[in-house]
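The values are calculated or read from the model by the stated rules, or taken from the named source; none is laboratory data. Bear in mind that the values here come from a model prediction, so they are computed numbers and not experimental data. Positions of Cβ are generated from backbone atoms using ideal geometry, with glycine treated the same way; all protein chains shown enter the neighbour counts. Ligands, DNA and RNA are excluded from the accessible area calculation, which covers all protein heavy atoms including side chains. Shrake-Rupley method; radii C 1.70, N 1.55, O 1.52, S 1.80 Å.
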Amino acid sequence: MNEDRSWTEIDLTNFENNLINLKAKLSAGTDFMQIVKADAYGHGANLIAQTAISQGAVMLGVANVQEGMLLRYQNIKAPILILSPSLESEIDLIVENDLIPTISDFQFALKFATKISEKIKIHINIDTGMGRSGIPYEQALSVIERIIELNRFDIDGIFSHFSAAEDDEDYTNWQRERFEKIISLLPVKPRYIHIANSSGALFIKSKITNLVRVGLLSYGIYASSSQKDLVALKAVMTFKAKIGQINKAKKGEYIGYNKTYQTQEDMDYAIIPVGYADGYDFLLSNRGKVLIKNNICPVIGRVSMDMIAVDISGIHCVPNDEVILLGPHHDQIQVEYIASLYGGSRYEILCQIGRRAKRYYIRNGETIDSSPLLRRDFVSTDYSNDKLNRIIETAIEQRLESKEISNLIYTNILRDFFIEHDRDIHYRKNFEHKIVFKKHHRSELKDYHLVQTTLTFRKRLQNDYFLVVCAANEQKLEKYFLQQDVEYRWLLDKNLRANLFDITAVSVNNVKLYSDMRIDDECLIIRCFHPTLVNLKNQEVDFSISTQTYYPKKLHQLSVFIIELTKGVSITFEYGDLLNNVEAINIFSGRSKFALTDRQEKSISVETKKNVWVFPTSGVIFVY
Ligand SMILES: *Cc1c(COP(=O)(O)O)cnc(C)c1O
């Protein structure tokens with residue numbers, strides 16, 4: 001079992017089945033848009049979006065530009081429609097992130113038109129009776145015509161929104177007819193015409209629409225009880241916690257804030273570490289129900305910020321036992337029922353539940369992924385590079401024993417490097433570094449081991465040469481850590497002369513390179529080059545660099561650092577009979593914190609899997 005006090009489980013298999021059953025209800029030629037606003041109604045937009053896309057969703061619907069950007073960071077490529085009206089200040093971000101705005105008034109269209117250099121896709125929203133956003137019905141036709149005349153937009157869709165599809169068929173059909181009327185009068189026919197939310201998709205048939213927008217029903221929550229006969233759905237979200245404490249109360253005692261519950265007799269009750277701050281609504285005070293070992297237990301007293309008390313009379317349970325607060329497991333903990341207990345909204349419960357909970361994603365009964373507790377801290381798009389640096393530094397400094405943190409760093413770094421800034425970043429693949437200590441017969445170097453190193457990796461060739469740099473001084477070497485054309489650096493013992501560092505072989509794609517050496521500011525700089533390298537520029541190539549030098553015997557450690565983003569690392573230290581008791585201390589930052597250490601009789605190696613990303617600041621220290 002996990003270590004959480006409370007958590008949500010998101011059952012992607014239920015979600016897929018809901019989509020399959022809903023799709024079966026759509027008329028031929030009707031596509032669906034998956035609504036993932038509000039972090040997919042609290043289910044986690046990224047995995048829900050991925051799953052929906054694999055089930056055929058042609059588009060995703062979000063509430064605002066931030067939600068759309070987050071999905072882009074998460075590498076979702078599908079078209080994304082921003083359903084709500086956007087602000088003028090958001091126009092640039094909409095364009096940069098390839099999001100589709102909804103146009104709900106002409107003034108906004110005009111502002112948008114002046115800010116763009118190429119035609120962009122839009123959807124136009126008409127208010128047919130929702131009484132919310134959208135172009136007022138009476139003006140719709142003329143406004144749409146003026147938008148077309150601007151000639152700055154590719155009108156990908158026109159839509160409207162039902163106000164009461166789940167329980168007012170007449171009103172809904174009236175809205176539908178008005179919508180159909182406008183569409184029939186339009187001079188253009190957009191690719192997508194849509195009006196139905198998930199309830200509308202079940203109840204309303206329209207001949208002109210070709211897209212529905214599914215939200216609530218896809219998450220397995222019925223909008224009205226009459227829908228149960230139409231389509232089989234199963235709740236996707238379950239909210240669970242563990243019993244924190246078990247108490248006994250005597251007859252006549254009060255439970256919770258403000259004395260709202262007085263015991264009628266001696267009783268046992270359990271404290272569950274979930275309160276309104278976790279999204280368990282305050283209005284469930286003295287009303288809510290939870291499931292413990294298949295028994296329904298009423299909430300007694302007020303819901304506090306962080307705790308509730310439940311009546312466990314007649315049930316045998318102990319602290320740490322699982323409690324289900326919401327889920328498909330029993331009628332009385334289903335969202336539909338819990339919402340009815342206090343006149344709440346089914347939508348709202350989903351959005352608010354589990355604010356402090358980690359999410360576990362389940363497929364076919366198995367946990368396949370989880371999203372960190374801290375997600376709400378880093379989904380915001382307004383973090384700076386400084387903040388990112390602080391996160392990384394703190395985490396690395398403290399070597400936190402936390403998978404959450406390393407996952408967080410991993411996501412942040414990837415986003416920062418590849419998505420947010422689109423830097424021209426280089427990385428190495430299949431990085432192998434072999435270091436061999438050997439005996440030698442040079443008496444003037446008797447205090448040193450002979451050391452031979454071989455470095456091989458794949459990387460994009462940036463220039464028609466590269467450098468290997470060797471220095472006896474850390475400060476001098478430092479500046480070469482930032483220099484992009486340096487592929488290998490070696491810190492030489494300060495009592496050794498530079499000519500005791502040698503390149504024994506160097507090649508790219510098996511072409512032997514030439515090398516020349518110069519000394520500059522006490523650094524030995526070896527330039528490796530070949531006339532044919534020009535032809536390999538910007539291609540991924542195999543590097544191989546072998547060196548020979550000497551290493552002081554008095555040192556009892558040897559470090560290898562990874563200073564570039566690297567995918568797949570293997571570092572081997574062969575010491576033969578020269579050393580005993582060699583240990584490898586590895587410091588890896590990235591998703592997995594430790595690499596595997598493999599100890600042979602006369603060597604030791606540290607290795608990650610081939611496809612594991614290793615971040616700069618990782619490395620191994622061999623101590624002996
Ligand atoms: C939220 C939303 C939906 C989804 O509605 P459900 O009732 O959850 O299916 C559809 N369209 C628009 C414009 C929305 O804002």
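When both segment 261-289 and segment 102-148 are represented by their alpha-carbon centers, they are found 48 Å apart. In terms of overall dimensions, the C-alpha atoms belonging to segment 280-373 reach 36, 32, 25 Å along their principal axes, ordered largest to smallest.
Residue pairs exceeding 28 angstrom between C-alpha atoms, taken from 446/610; 23/77; 251/293; 537/610; 205/228; 476/553: 446/610. Excluding same-chain neighbours fewer than eight residues apart, the lysines reachable from residue 609 by a Cα-Cα span under 22 Å are 403, 429, 434, 459, 567, 593.
How many percent of the alpha carbon pairs in segment 251-325 exceed a separation of 20 Å?
Details: 660 of 2775 pairs.
Distances greater than 20 Å cover 24 percent of the Cα pairs.
Computed from backbone phi, the HN-Hα couplings of segment 332-340 come to 8, 10, 6, 3, 4, 6, 4, 5, 5 Hz, rounded to whole numbers (Karplus: 6.51 cos²θ - 1.76 cosθ + 1.60, θ = phi - 60°; Gly and Pro given as x). Here segment 428-564 was treated as a single set of alpha-carbon atoms; its pair distances binned every 5 Å from 0 give 2, 9, 20, 23, 20, 14, 7, 3, 1, 0 percent. Compared with the direct C-alpha span, the chain from residue 484 to residue 132 gains 121.2 nm at full extension, assuming 0.36 nm per residue.
Of the GluC sites (Glu not before Pro) in segment 502-610, the ones in a loop by DSSP (not H, G, I, E or B) with at most 15 other beta carbons within 10 Å are 522, 601. Here is the tail figure for segment 444-512: Cα pairs spaced more than 17 Å apart come to 51 percent of all pairs. A quarter of the convex hull surface defined by the alpha-carbon atoms of segment 1-146 gives 11.7 nm² as the mean projection.
At most 11 other Cβ atoms within 10 Å and a DSSP loop assignment: could you name the GluC sites (Glu not before Pro) in segment 45-145 that fit? Sites meeting the loop and neighbour criteria: 118.
Scalar couplings 3J(HN,Hα) for segment 233-239, obtained by applying the Karplus form with A = 6.51, B = -1.76, C = 1.60 to θ = phi - 60°, are 10, 9, 4, 8, 9, 10, 10 Hz; x denotes Gly and Pro. Three principal axis extents describe the C-alpha atoms of the chain; from largest down they are 99, 77, 38 Å.
Averaged over every viewing direction, what's the projected area of the C-alpha convex hull for segment 202-277? Give it in nm², one decimal, please.
9.0
Take the chain with all the other protein chains still there, run a 1.4 Å probe, and you get 48 Å² of accessible area per residue. Once the chain from residue 462 to residue 96 is taken as fully extended at 0.36 nm per residue, the excess over their C-alpha distance is 129.0 nm. Using a probe radius of 1.4 angstrom, the carbon and sulfur fraction of the accessible surface of the chain is 48%.
Calculate, for residue 313 and residue 228, the FRET efficiency according to 1/(1 + (r/R0)^6) with r their C-beta to C-beta distance and R0 35 Å; round to the nearest 0.05.
Calculated transfer efficiency: 0.65.
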